[in-house]
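What follows draws every value from the coordinates through simple rules; no lab data is involved. Because the structure is a prediction, the values reported are computed rather than measured.
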Amino acid sequence: MTDQPSAKPVKIRCDACPVMCFIADGKSGACDRYANQDGDLIRLDPLTVIESGVPAVAFLDTG
């Protein structure tokens, strides 16, 4: 019996949404947001956080 490192799967399953894509290496899922890069699920589009300079206004006046 030889000790070989386990090979990474040919396709990986993305469970980020209900579609549950099986993504082949080097390909992206149906949404084009996630991809399989060498067996790792990566996000393709950057996460963007927008800082608003507008002051918050209360919806109801409690005073």
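Output ³J(HN,Hα) for segment 21-26: one whole-Hz value per residue in order, computed from phi by the Karplus curve 6.51 cos²θ - 1.76 cosθ + 1.60 with θ = phi - 60°, and x for Gly and Pro.
Per residue, the Karplus-derived 3J(HN,Hα) values read 5, 9, 10, 6, 4, x Hz.
Could you give the length gained on full extension between Val54 and Ile42, defined as 0.36 nm per residue of separation minus the Cα-Cα distance, in nm? Spell out each step's value before the answer.
Working: separation 12, 0.36 × 12 = 4.32 nm, distance 3.33 nm.
Between Val54 and Ile42, full extension yields an extra 1.0 nm.
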